[in-house]
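The values are calculated or read from the model by the stated rules, or taken from the named source; none is laboratory data. Only a predicted model underlies this, so the values are computations on that prediction, with no experimental measurement involved. Cβ placement follows ideal geometry from the backbone for every residue including glycine, while neighbour counts extend to all protein chains displayed.
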Amino acid sequence: MKLIFIWLKNWLKYPLVLGAVLPTQKIASDLMASEVNSELNTVVEIGAGTGQITQSILNKGIKEQDLILVEINKEFSKILKEKFPKAQIYSEDVISFLEKFQKRFNRKIDLIISGIPLVSLNKKTRDKLCEISVENLSGSGKFFQITYFIRCSFSKEVIKKYNLSKKLNGFTPFNVPPAFIWKIYK
C-alpha cells in the first residue's frame, strides 16, 4: 500500500513523467516481459518505476544481478534498490545512459523494456531516445513499449530510417489506464 501512495504523490507532481495513474498491473507487466528468457544476454529496463515490470522480467528467468534498470526518479530508484538489491540500477537520464552504454558495458542490448511514457515527450526527444535505443540493440534485439494509446510510440521516420518492424504485441483493459504493448524489432 505504501508504494501506491508514493506513486500517487509522484504522479500528482509529475503526471507527464509517470504517464499512468497507477503502477503497471501484473497482466500488462507480464505482456511486457513476454519474450524474456534466460538465453538473453543483456536485458535493460528503462523507466523501471517501482519494479512491477521488473518482477515479471525476473519471473521469466533473468538473474537479478544480470538485469540493468534505469530510473531517473530518485525515490523510485531507492525503492528498486530495496526490492532488487542485486540488480544493476542507474539513476540517471535514459538518453545519457544509452549514449554511454557501449563504452560502459562493451556490448549490445538484446531486449529493452520501456515504461517511459514516450508520447508525453516532445517529438525531437522521443525520436532521439528511440534512435539511440535502436543503435544499442543487437542484430536480433527488440524494444518493448507500454503505451496508453493504440498508436505505436516510435515515429514513422524512425521506423523507416532503421528499417524496423512494429507489432502490437498485446492489450489489456485491466490496467489503469488500459495498456497497449508494442514490440519494435529489426
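Observations on the structure shown:
- Residues that are more than 17 Å from the chain's Cα centre (by Cα) and of a type in the set (Gly, Ala, Ser) within the stretch 59-90 comprise just one, Gly61.
- Pick from the stretch 45-65, criterion part of a helix (DSSP H, G or I) and in contact (Cβ under 8 Å) with a residue 24 or more places away in the chain, ranking: nearest to Gly141 (Cα to Cα): Ile57
- Among the residues of the stretch 45-57, those that are modelled with pLDDT of 95 or more and either farther than 22 Å from Lys2 by Cα or hydroxyl-bearing (Ser, Thr, Tyr) (or both) comprise Glu45, Ile46, Thr54, Ser56, Ile57.
- Taking each residue of the stretch 119-132 that is under 21 Å from Phe101 (Cα atoms) and looking for partners that are among the polar types (S, T, N, Q) with beta-carbon atoms closer than 8 Å, six or more apart or interchain, yields Arg126/Ser153; Arg126/Ser155; Asp127/Ser155; Cys130/Ser153; Cys130/Ser155.
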